[in-house]
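So the structure is just underneath, and the comments pick up after that.
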């Protein structure tokens with residue numbers, strides 16, 4: 001039996017987010033500490049196997065309510081179904097005939113849920129990779145992020161940008177330019193400019209995520225998109241500033257200028273705070289990290305933060321102080337271990 005297994009990693013936005021949804025620029029990195037894995041093999045029918053997190057049985061109504069509060073209403077089953085449906089549509093539109101052998105598909109994930117580390121898009125990306133391999137279909141790499149985004153935005157109605165999907169398709173550390181002048185159409189999907197950044201030094205980064213509190217991404221966005229479309233000056237200017245921070249961050253990374261990166265990361269969060277209403281517990285994570293001397297910004301939609309630190313003493317401070325407020329600190333792994 002042929003077993004297809006695809007693993008896609010969590011991601012963290014380093015600079016520029018959330019301008020990826022507004023023709024901006026961003027830098028993001030893979031976080032190989034956490035992943036989603038999808039397994040597909042031939043079967044007598046098309047079967048999607050429930051994962052541990054796809055709960056349908058609860059100890060009580062309070063248990064159900066608490067689960068929804070922590071994880072939202074949605075599990076991985078809808079993500080896999082939507083990906084399969086979208087894949088079939090893509091192949092039909094491209095005139096690709098699929099063989100008639102059925103399959104069973106299942107997933108598992110250890111990505112912390114609902115803290116902005118892109119767990120949902122990792123499941124979709126891994127599912128897409130399995131389908132491409134099973135049906136021997138070639139899809140250009142540069143449009144795979146847009147395919148994944150279309151699953152979320154057009155099939156499931158989830159507001160999102162391309163950044164998460166780009167880094168999960170490409171891996172490593174990637175600078176992304178989503179400006180209109182970079183847009184090009186391939187097989188009915190839009191691709192932009194994606195540059196893998198190769199560094200010859202180790203980035204002194206930490207990542208922290210809250211272990212008890214979370215918020216589904218769909219609930220986070222504060223009507224920023226609506227304000228942007230209405231021409232809200234504060235939001236439009238913020239998106240332009242986010243994009244410039246990413247461009248400046250690319251130069252700082254290539255020059256190995258960690259002090260500049262530190263300043264840019266802090267500026268990214270300060271701009272975000274100026275246009276969003278943020279929960280106190282998320283603000284507390286940022287403030288705690290900064291009190292240790294580290295830079296800090298959201299890694300995604302909230303619930304996880306990322307930044308630079310200076311030395312082991314500062315990293316120790318981050319671990320201890322963030323632990324006091326229910327947050328765990330890890331050092332993100334960008335690349336495979338040697």
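The values are calculated or read from the model by the stated rules, or taken from the named source; none is laboratory data. Computed from a predicted model, the values in this text were never measured in an experiment. Neighbour counts run over all protein chains shown; Cβ positions are idealised from the backbone, glycine included.
Residues are listed down the side, and each one gets a yes or a no for (1) surrounded by 14 or more Cβ atoms within 10 Å (Cβ to Cβ); (2) within 19 Å of the chain's Cα centre (by Cα); (3) touching a residue at least 60 places away in the same chain (Cβ under 8 Å):
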site: 263; (1), (2), (3): yes, no, no
site: 270; (1), (2), (3): no, no, no
site: 284; (1), (2), (3): yes, no, no
site: 302; (1), (2), (3): yes, yes, yes
site: 307; (1), (2), (3): yes, yes, yes
site: 310; (1), (2), (3): yes, no, yes
site: 334; (1), (2), (3): yes, yes, yes
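If the condition is being part of a helix (DSSP H, G or I) and within 17 Å of residue 295 (Cβ to Cβ), then region 317-332 contributes 317, 318, 319, 321, 322.
Checked against the criteria, residue 315 counts as farther than 22 Å from residue 35 by Cα and touching a strand residue (DSSP E or B) at 6+ places or on another chain (Cβ under 9 Å). Check whether at least one residue in region 17-25 is within 30 Å of residue 230 (Cα to Cα) and assigned to a strand (DSSP E or B), and report yes or no. Yes.
For residue 20, the requirement of being exposed (fewer than 13 other Cβ atoms within 10 Å of the Cβ) and either more than 21 Å from residue 107 (Cβ to Cβ) or at pLDDT 95 or above (or both) is not met.
Restricting the search to region 125-139, which residues are buried (at least 20 other Cβ atoms within 10 Å of the Cβ) and not in a loop (DSSP other than H, G, I, E, B)? Write out each step before concluding.
Looking only at region 125-139, we keep the residues that are buried (at least 20 other Cβ atoms within 10 Å of the Cβ), and these are 125-131, 139.
Residues satisfying the conditions are 125, 126, 127, 128, 129, 130, 131.
Assessment of region 46-68 against the conditions (assigned to a strand (DSSP E or B), farther than 16 Å from residue 121 by Cβ and modelled with pLDDT of 75 or more) yields at least one matching residue.
Taken over region 78-116, the criterion of being out of contact with any strand residue (DSSP E or B) (no Cβ under 9 Å at 6 or more places or on another chain) and within 23 Å of residue 32 (Cβ to Cβ) is satisfied by 83, 113, 114.
The residues in region 249-263 that are out of contact with any helix residue (DSSP H, G or I) (no Cβ under 6 Å at 6 or more places or on another chain) and part of a helix (DSSP H, G or I) can be counted, and the count is 8.
The residues in region 88-124 that are touching a residue at least 60 places away in the same chain (Cβ under 8 Å) and either outside the structural domain of residue 17 (by TED's automatic domain parsing) or over 17 Å from residue 139 (Cβ atoms) (or both) can be counted, and the count is 21. Scanning region 104-118 for residues that are at pLDDT 90 or above and surrounded by fewer than 20 Cβ atoms within 10 Å (Cβ to Cβ) yields 104, 106, 108, 110.
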